[in-house]
Each structure stands twice: as structure tokens, then as C-alpha cells.
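Take a look at the structure set out below.
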Amino acid sequence: MKKRLWLYIFAALMLICGTGVGVRFLLFGMEEIERGSNASSIVICFFMALLFFAGGCFGLLLFSFNKGAFLRIEGGRLLCRFGFNTSIDLPLEKIEDVFSDPAVVDVFAFGKNYRVPRIEGFEDAFSELEGLEAKPWTVNASEERKRYERFSRRRMASMLLMLVFGAVFVLNIILCVGLTDGKDISQFGNKEDGIWLFAFFFEVVVAALLFICAYLGGKATAESRRSLKRMASALGYAQRYEKVGAGTLIRIMLLDNYRWRVTVTYNYGQYIYGMYIMDTLKDEWALVHSEMCESLEELEERISLRIGEARIYEEKRF
């Protein structure tokens with residue numbers, strides 16, 4: 001409820017400030033037309049009015065953000081509504097994969113990535129949804145590696161293009177200032193007016209290209225991340241009992257769809273706990289944390305605190 005109140009306050013500020021300032025710039029533009037000012041002054045006034053009106057509209061939309069949000073799995077379908085009245089209705093058999101993060105759950109189906117934010121009060125439904133993640137024994141690790149490398153190259157290409165367009169954006173401003181001799185817009189003659197207008201619309205095109213590259217880069221990032229996780233699951237499952245620390249193995253737990261592993265060993269009077277992550281670059285388990293205790297009970301308590309509510313996909317005691 002408190003979060004909702006802050007959202008409404010922010011939305012109201014966006015609506016009032018956006019529309020108020022937008023009206024002011026609109027009036028400025030009309031005044032510039034009456035005075036017979038140059039086209040550059042008129043364009044910049046109306047452009048700023050459009051920007052602030054868009055901000056006001058966004059504030060209005062925020063009042064409905066996540067209103068009536070829900071997530072249900074019933075009748076063999078995933079039913080969900082969230083955000084700005086975004087709806088999802090998917091048959092469960094068509095869901096290719098699911099990846100869970102603390103704030104969002106990625107659902108892959110029909111070649112698309114649906115990002116579903118975690119909605120309060122629907123934890124059981126989200127837990128059931130997370131259980132639809134592809135099983136590691138159905139994944140071909142070598143194919144996923146090729147796919148990961150392909151989308152990584154696309155992501156890198158998008159980032160390079162964004163850098164190029166960003167540089168063009170800045171250089172265009174510098175060039176425009178140089179060609180207009182650094183004059184104020186109100187001092188422009190016909191020549192400077194034409195140069196500025198060309199530079200302005202060129203900036204709009206470059207900005208649009210930047211957003212397109214960012215969108216494509218985001219898609220490539222999501223797909224490469226998907227392949228990386230699938231590859232880690234497949235490798236983790238295949239090597240779930242390999243490379244255990246020195247000593248007598250007592251217990252193994254596989255977490256996060258076999259991407260993480262916890263081992264308990266006994267060596268020279270000490271109980272040793274080790275947490276491993278599957279390193280997809282080396283194709284082997286990498287130790288990320290380890291602790292020693294005198295008693296198994298104490299070590300079990302530390303493990304429980306460490307893994308928290310993480311889902312255990314497989315557990316074996318020896």
C-alpha cells in the first residue's frame with residue numbers, strides 16, 4: 001500500500017508538471033509565430049511542448065500501473081496481467097523455458113521473451129511457474145554454446161553501433177555550433193536557420209537509431225543469457241558428482257536447476273561445506289565459498305542460512 005501511495009504521488013507530479021510546462025512551451029511557440037521568429041525557435045518550442053506533454057501522459061498512465069495485476073496457472077494455461085495492463089495468455093506446453101530473478105521472471109515462448117515482474121501475493125503461482133524451467137537433460141550444451149556465442153556477437157555489434165551513433169550525435173552538435181558561429185537561436189538568419197533545422201532533425205533520426213540498437217541489444221542480451229543458463233544447467237547436471245573436495249563425501253545438493261552445487265565432506269576431523277558454481281568457460285565446477293565446522297549440526301545450520309529459500313533440485317546423502 002505504501003509503495004502504491006508513492007507511485008500515485010510521483011504520477012501526480014509527472015502529470016501536473018508535464019502538462020503545465022508543456023502548455024507553457026506551447027504558448028511560447030504560438031508567441032514566436034506571432035512575432036514572426038525564425039523556424040528554429042518555433043520548432044524547439046513545439047518540440048519541448050511535445051516532450052513535456054508525453055511526460056504528463058506517462059504520469060497519467062502510472063495511475064494504472066500494476067492495477068489489478070495477477071498471475072494464475074489454470075486450465076493448462078499461464079494467465080497474467082501486470083504493468084500498463086499488459087496481458088499474457090499462454091498454453092503451458094508452448095512455454096520453452098523460464099528463468100527466475102529476485103525481481104522478474106523471464107518466460108520464453110513463441111520466440112519471444114515475456115518479462116513478468118514479481119507481483120506480491122502470488123508467490124505460489126510464481127513458484128509453480130519457475131518449475132516449468134527446461135530440464136537440463138533435455139538441453140544440448142554444445143548447441144547452446146554456439147547459440148550463446150552468436151547472440152553475444154549480436155549484442156557486441158549493437159553496443160558498438162550505439163557508441164558510433166552516440167559519437168555522431170555529439171559530433172553533429174559540435175558541427176552545428178561551428179557552422180552557425182555559436183550564435184543564439186534568436187540571432188539566426190536564413191542560412192543558420194536551415195543548418196540548425198537540418199542538424200535538429202538529423203539528431204532525432206540518430207536518437208531513434210540509438211533506441212533501436214538498444215532494443216536489439218537488449219533482445220540479444222536476453223537470448224545470450226538464456227543460452228548461458230541452459231548451458232550451465234546441462235553441464236551441471238552432467239557433472240553433478242564430479243570434482244568434489246578432498247575427504248569423505250557426506251552430502252550433495254544441486255540448486256538453481258543444477259547451476260549451483262553444495263557439498264559436505266569430512267576430512268581430518270572437520271566438516272567442510274563448499275558452494276560451487278558451474279563455470280561454462282572451463283566446463284567445470286568453480287568453488288565460490290567454503291567453511292569448516294567441528295560438528296555436522298553447526299555446518300547444517302550455516303548451509304541453511306546460506307542457501308535460504310533456494311529450490312533444491314536434487315539431493316543425495318552418502
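The values are calculated or read from the model by the stated rules, or taken from the named source; none is laboratory data. What you see is a predicted model, and the numbers here were worked out from it, not measured in a lab. So basically every Cβ, Gly included, is an ideal-geometry build from the backbone, and we count neighbours across all protein chains shown.
Things worth noting here:
- Scope segment 34-59; condition outside any helix (DSSP H, G or I) and either over 29 Å from residue 183 (Cα atoms) or not polar (S, T, N, Q) (or both); matching residues: 36
- Selection of segment 181-223 for residues being touching a helix residue (DSSP H, G or I) at 6+ places or on another chain (Cβ under 7 Å), over 30 Å from residue 36 (Cβ atoms) and among the aliphatic types (A, V, I, L, M) yields 206, 209, 210, 214, 216, 220.
- Residue check for residue 97: surrounded by 15 or more Cβ atoms within 10 Å (Cβ to Cβ), over 30 Å from residue 14 (Cβ atoms), out of contact with any His (no Cβ under 8 Å at 6 or more places or on another chain) and of a type in the set (D, E, K, R): yes
- Condition check for residue 87: in a loop (DSSP other than H, G, I, E, B), polar (S, T, N, Q) and either under 24 Å from residue 118 (Cβ atoms) or within 31 Å of the chain's Cα centre (by Cα) (or both): no
- Segment 279-302: number of residues that are closer than 12 Å to residue 261 by Cβ and touching a strand residue (DSSP E or B) at 6+ places or on another chain (Cβ under 6 Å): 6
- Test: residue in segment 18-33 that is assigned to a helix (DSSP H, G or I), surrounded by fewer than 15 Cβ atoms within 10 Å (Cβ to Cβ) and basic (Lys, Arg): yes
- First in segment 12-41 and outside the structural domain of residue 53 (by TED's automatic domain parsing), second anywhere and crowded, with 17+ Cβ neighbours inside 10 Å and of a type in the set (D, E, K, R), Cβ under 7 Å, 6 or more apart: none
- Selected residue (only one of 186, 224, 233 is at pLDDT below 90, assigned to a helix (DSSP H, G or I) and of a type in the set (S, T, N, Q)): 186
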